[in-house]
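Coordinate-derived values only; no laboratory data. Bear in mind that the values here come from a model prediction, so they are computed numbers and not experimental data. Glycine also receives a Cβ, built like all others from the backbone with ideal geometry; neighbour counts cover every protein chain displayed.
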């Protein structure tokens with residue numbers, strides 16, 4: 001697959017620091033795992049927290065992701081950006097975790113979201129008064145499919161092609177989900193009193 005978000009990059013993905021570290025990990029270099037963690041963990045953690053809506057669970061899944069990177073580094077073929085590959089692993093593990101938690105709790109996503117909203121602390125409520133916090137809160141009310149698409153495009157700055165790869169869905173499906181996610185988000189923002197919807 002061709003990378004479309006780095007038009008000026010003619011060297012491919014093998015020249016990036018992340019790719020070099022993944023190659024070192026494939027060779028059994030444990031220090032490279034620590035270096036890759038230092039380089040990528042903030043973006044990965046934010047993605048997982050937004051998707052899972054639970055910091056402790058996000059930490060657990062993040063550990064699983066780096067273990068999977070260690071175990072599968074030799075399979076990375078640099079056909080996509082290293083972060084796209086890592087986010088793909090993270091997405092799969094997050095979805096698996098959500099399914100397991102749903103089975104254990106007997107709650108669906110909508111019910112879980114309602115409980116989280118009712119349990120907001122005064123600090124969280126105050127944060128939501130801020131427009132950025134309000135947008136984040138509205139995104140959190142979307143289902144996981146729409147939430148992950150918005151997060152990957154706007155927060156992780158992935159191209160439609162990369163999002164399709166990460167989520168293992170066709171590009172047309174990514175575009176459809178984006179359309180409906182933006183529409184629903186605009187409705188939520190309007191209900192929350194924000195004049196301008198999602199850009």
Completion exercise
The residues 155, 45, sorted from fewest to most surrounding Cβ atoms within 10 Å, come out as 155, 45
Problem - Separation in nanometres of the label points that stand 7 Å from Cα toward Cβ, at residue 186 and residue 136 - result: 2.5
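Can you run the Rg to Rh ratio on the range 12-106? Use alpha carbon positions and the Kirkwood inverse-distance Rh.
1.00
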